[in-house]
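Presented below is the structure to which this report refers.
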Amino acid sequence: MLSVRDVSKNCGKGRRTVPVLQNVSLSVDSGGFCALTGPSGSGKTTLMNLIGLLDRPTDGNIEIGGTAVEHLTVDQTAELRNRVIGFVFQSFHLLTRYTALENVALPLLYRGVSKVERRNMAITALHKVGLADRMTHRPEELSGGQRQRVAIARALVGDPALLLADEPTGNLDSRTADEVFSLFLKLNVEHGLTVIIVTHDPTIAARCPRRVVMRDGQIVDDDSSVPKRVVSA
Ligand SMILES: Nc1ncnc2c1ncn2[C@@H]1O[C@H](COP(=O)(O)OP(=O)(O)OP(=O)(O)O)[C@@H](O)[C@H]1O
Ligand SMILES: [Mg+2]
């Protein structure tokens, strides 16, 4: 599904250029579930932005679903991103004046999907995250966990193969965080979605089938080589 090979990323300009990622390599199989952990400033978000095709590496190669992204044009990159990748962020990024249904349907607007079809696909996505009874609520009428589930439904609505989540439970209390995390596991187990999740939460990291640890812009630990535990959703 994903292959990152010898990727480096420098940030800043001119003499202020600093290496943020150095020779990072990471492969995640289709249907894989991987936690990305490490101290603040270790490069997790930078790596997620590269994997999510929101940014380009200074050096190295990235392949998503068998496509080497290096030589793609800006439009081709955007097309690949829209088709294959769903994003979930710590702070939900929902539009406050729109209902859950409208928020979830929004990404389909840019794909030329008809209004009826957009509505049907958004309803299906909201069912998947257990929010069938909250579709006409606006974000302010929803709890934090429900808001994040709307954001997850929005990430799922285009049927991506890869879900990238940067601290998706960072704004939630521990019980709600646990519930939202269980949803990621369920989507992985039941729908075969490949998931990469950045987390600072050791309890959540411990529930992931695989943990990759970053420090100072490098991967310093990856327990993918040890036999996987059985995880339940
Ligand atoms: N545009 C930039 N210019 C200069 N330095 C940058 C830039 N973007 C990121 N950095 C630096 O790169 C390092 C990694 O940042 P990144 O946001 O990837 O860390 P992180 O692991 O996601 O941290 P956190 O856990 O706090 O979210 C930090 O030291 C940051 O200051
Ligand atoms: Mg970050």
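Each value in this text was obtained by applying a stated rule to the coordinates, not by laboratory testing. Since the structure is predicted, the reported quantities are computational estimates derived from the model, not experimental observations. Virtual Cβ from ideal backbone geometry, glycine too; neighbours counted across all protein chains shown.
Across the options Val116, Thr67, Ser42, the greatest Cα extent toward the positive end of the charge dipole of the range 1-118 (unit charges at beta carbon of Lys, Arg, Asp, Glu) belongs to Ser42. A cut-off of 5 Å between modelled amide H atoms, ignoring neighbours fewer than 5 places along the same chain, links Met214 with Thr37, Gly38, Val220.
Simple point charges give the picture: +1 on the Cβ of Lys and Arg, -1 on the Cβ of Asp and Glu, and for the chain a dipole about the Cα centre of about 360 debye. Report the full-extension gain for the segment Arg83 to His137: residue separation times 0.36 nm, less the Cα-Cα distance, to one decimal in nm. Using 0.36 nm per residue and subtracting the Cα-Cα distance, I get 16.7 nm. Taking the DSSP bridge list for the range 87-233 and keeping only pairs wholly inside it, about 35 percent are antiparallel.
Annotation: for a label point projected 7 angstrom from Cα along Cα→Cβ of Gln76, residues of the range 48-70 with backbone N closer than 14 Å are 62-64, 66-70. Using the alpha-carbon positions of the range 164-228, Rg (one decimal) and Dmax (whole number) come out as 12.3, 35 Å. Annotation for the range 2-53 versus the range 78-111: alpha-carbon center distance of 23 Å.
Across the options Val129, Ser3, Ala205, the greatest Cα extent toward the positive end of the charge dipole of the chain (unit charges at beta carbon of Lys, Arg, Asp, Glu) belongs to Val129.
With a cut-off of at most 16 other beta carbons within 10 Å, and DSSP calling the residue loop, which chymotrypsin sites (Phe, Trp or Tyr not before Pro) in the range 110-211 qualify? Please list them.
Answer in residue order: Tyr110.
Collect residues whose amide H, placed 1.01 Å from N in the peptide plane, falls under 5 Å from the amide H of Gly60; neighbours closer than 5 in sequence don't count. Sorted by chain and number, the residues that satisfy this are Ser8. Loop-located trypsin sites (Lys or Arg not before Pro) in the range 100-152 (DSSP state other than H, G, I, E, B) with a sparse environment of at most 16 neighbouring Cβ atoms within 10 Å: Arg111. Here the range 9-127 was treated as a single set of alpha-carbon atoms; its pair distances binned every 5 Å from 0 give 2, 8, 15, 18, 17, 16, 12, 7, 3, 1, 0 percent. Each peptide in 199-206, 212-219, 70-77 receives the mean, over its residues, of other Cβ atoms within 10 Å, and ordering these scores from highest gives 212-219, 199-206, 70-77. Here the range 111-233 is treated with +1 on each Lys and Arg Cβ and -1 on each Asp and Glu Cβ, and its dipole about the Cα centre works out to around 480 debye. Note on Thr203 and Tyr98: their simple-model spin labels are 3.2 nm apart, each label 7 Å out from Cα toward Cβ.
Calculated on C-alpha atoms, the gyration radius of the chain divided by its Kirkwood radius gives an Rg/Rh of 0.97.
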